[in-house]
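So the structure is just underneath, and the comments pick up after that.
The values are calculated or read from the model by the stated rules, or taken from the named source; none is laboratory data. These numbers were taken from a predicted model, which means no experiment stands behind them. Heads up, the Cβs are rebuilt from the backbone with ideal geometry, glycines too, and the neighbour counts pull from every protein chain shown. Please note that ligands, DNA and RNA were not included when accessible areas were found on the heavy atoms of the full protein model with its side chains. Shrake-Rupley method; radii C 1.70, N 1.55, O 1.52, S 1.80 Å.
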Amino acid sequence: MSSREAILGRVRAAIADTPAEPAPIPRAYRRSHLVPGRHAVELFAERVADYRATVTRTDPAGLPAAIAAALAERSVRRLALPDGFPTELLPPGSEWQWHREPLTVPELDRLDGAVTLAAVGIAVTGTIVLDAGPGQGRRALSLVPDYHLCIIRAEQIADDVPDALARLDPTRPLTFVSGPSATSDIELDRVEGVHGPRVLHVIIIEPEQQ
Amino acid sequence: MTNDRGVVWLDTPAFPEAARTALADTQLRANLKRATSTIRDKRLTVAAELDDWEQLRESAAAIKQHTARHLDRYLVQLEEAVTAAGGTVHWAADAAEANRIVTELVQATGESEVVKVKSMATQEIGLNEHLAEHGITAYETDLAELIVQLGDDRPSHILVPAIHKNRTEIRDLFRAEMGHWGQPAPEDLTDEPRELAEAARRHLRQKFLTAKVAVSGANFACADTGTVLVVESEGNGRMCLTLPETLITVMGIEKVLPTWSDLEVFLQLLPRSSTGERMNPYTSAWTGVTEGDGPSAFHLVLLDNGRTDTLADPVGRQTLGCIRCSACLNVCPVFERTGGHAYGSVYPGPIGAVLTPQLVGVEQAASLPFASTLCGACYDACPVKINIPEVLAHLRAKVVEAKDGHTVEGLAMKAAGKVLDSPRLLGAAQKAAALGGRALARDGKIGRLPGPLHGWTDTRDTPAPPAESFRTWWRKNREGGSS
Ligand code: SF4
């Protein structure tokens, strides 16, 4: 008998004595922990910053300048640019070198950072989710360089985890990012950046205020 | 060591002796106390942010119970979904089979090195040692696991495996050992955590960028979509899961969930219970293979290794709901004083005290069900509501049953005495326990205990530990008494 059959047989024997359907699964938990009246974008910005990530809020017109300021702040110059990233969002000027995909891992390793879009944000947990869609790149792109600048539109921000999971396609490769890489393995002292990017900067694009 | 079912567990020495040694180590106790109380406080704060925490726990427990009831169906569904997405599923009845499967998969790639994501399942089966016997070097890439591996040591905590080491010890270890495994530590390395983390980054960088094969565990796998998840902090997980060409994931069969949307419960409970964060820095989710992104070959090894035996036990099966968050460790008065090594198992603390004897058989880890005060704090902390005290009491009865020829009560007391013989352990533990939960107690009494211990509790109610120090009770009732 194969191990597959043996394990399944043992499982069936083990549960044979139990009622076919245990009590139904209660789903009394909240769909969202966003306090009524609280603005999701507001909370998202606050919670992302709680992880010691940098957060900037801007409108579409202010985006190139916000990107330029973010990059200048860290002196990040050579950046990976994923397929499908709208180049009109990028700041003008020759201070920055944009390295387009395809990039090998050693090539990525020589860059200073990566600029990506995102698929979904989660306000309550301060999480951004990348699904390798247009403008987000392969998973390696936001991982290997030491700096990740992530741009997310306000309407992509879900209130909470249940809503966010429902917006995602699980068959795509997904990366949930909540702050920069961090460890607390040495005397519980939090240190940012071990293997993933040490610096995470999130820019939120909100519709223009009239 | 390995038992006759191929389950690895260390049990050297048995808990009472190991605990005594641990208690003498003041450094260890200070580190542990600080760590557990810090994480405990953080956990309480972020759990309190969710005013439906109890409902989430109820749902989590019910989902796990439902999954266990239909485990055969969900495993087959998971296999189909993973296969349809381009992965390959393997079934491993025990540690030996899992080790053989992984070793052969690595050998088929022609590689002799693998990078590893921290994983309890691969520790449980002793994979690294097995690979080493076959000429394959496994590099642990989680910072704490790296510290443990460089020190030829063992993890002492599920979440922070190297918490028993302080920064100076880690600095000395890096200086002495890193060079034997790869990039050496800088000459002038100080004991600043930031510098130590940087040394680890440099040490492992080349491995990540060149490794062709990675081995991981899994936190969850969704049967409906075939999606597998790994939850982590440092990015070493992402490195291992996405850069190599071949990914081999070893997963206990109990990790399957019915649907992708069930994650909405567990992704809220796990980080908050584990590190006391709203969300851990990185979670990776993948479904089979994706052209042009990540490994081109994905193997999922489904591991039994004693889990179906655990499933067969009506009281013990709830243990399979464990999501390895380690919250029960951080609230346990016994763990806080002994540390993880004393449990002689890769699963320490309250969860180890119930899981290990079930995986390897109670007769093989007879002291572990007694490594507890039954204070109930673990049950209160557990995000999936595993009634650890209930399972402990049940397993104690089994230990007693396993040794025939004596009265049930006499043997239970004798076995308990082994642990209770450690006066400092108990004295200290009971003080904390008195503040702990009263999960089992009603009106200050522990009512009927499940299983064969009915014979004991039917005749008298057992005083609940919080009402009176168990040790005081023990003295009053036992010492100088009839035994
Ligand atoms: S038994 Fe519960 S509290 Fe302990 S590690 Fe498992 S899930 Fe966490």
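Structure above, values below:
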quantity: Residue-level accessible surface for residue B:385, protein heavy atoms, 1.4 Å, Å²; calculated: 50
quantity: Test item: B:132-145 mean partner chain Cβ contacts at 10 Å; calculated: 1
quantity: Cross-link table B:116/B:207; B:116/B:212; B:118/B:385, entries beyond 20 Å C-alpha to C-alpha; calculated: B:118/B:385
quantity: Between 0 and 90°, nearest 10: helix A:3-15 axis offset from chain A longest Cα axis; calculated: 60
quantity: Segment A:51-71 versus segment A:76-119: alpha-carbon centroid distance in Å; calculated: 16
quantity: Peptides A:181-191, A:30-40, B:191-201, B:273-283 ordered by average Cβ neighbours within 10 Å, highest first; calculated: B:273-283, A:181-191, B:191-201, A:30-40
quantity: Partner chain coverage, peptide A:114-127 - average Cβ within 10 angstrom; calculated: 2
quantity: Rounded percent of accessible protein surface that carbon and sulfur make up, segment B:259-375, 1.4 Å probe; calculated: 53
quantity: Chains B and A together, accessible area buried on both sides, 1.4 angstrom probe, square angstrom; calculated: 7200
quantity: Environment charge at residue A:146 (Cβ cut-off 10 Å; Lys +1, Arg +1, Asp -1, Glu -1); calculated: +1
quantity: By average C-beta atoms within 10 angstrom, highest first, the peptides B:55-67, A:100-112; calculated: B:55-67, A:100-112
quantity: Peptides A:133-142, A:51-60 ordered by average Cβ neighbours within 10 Å, highest first; calculated: A:133-142, A:51-60
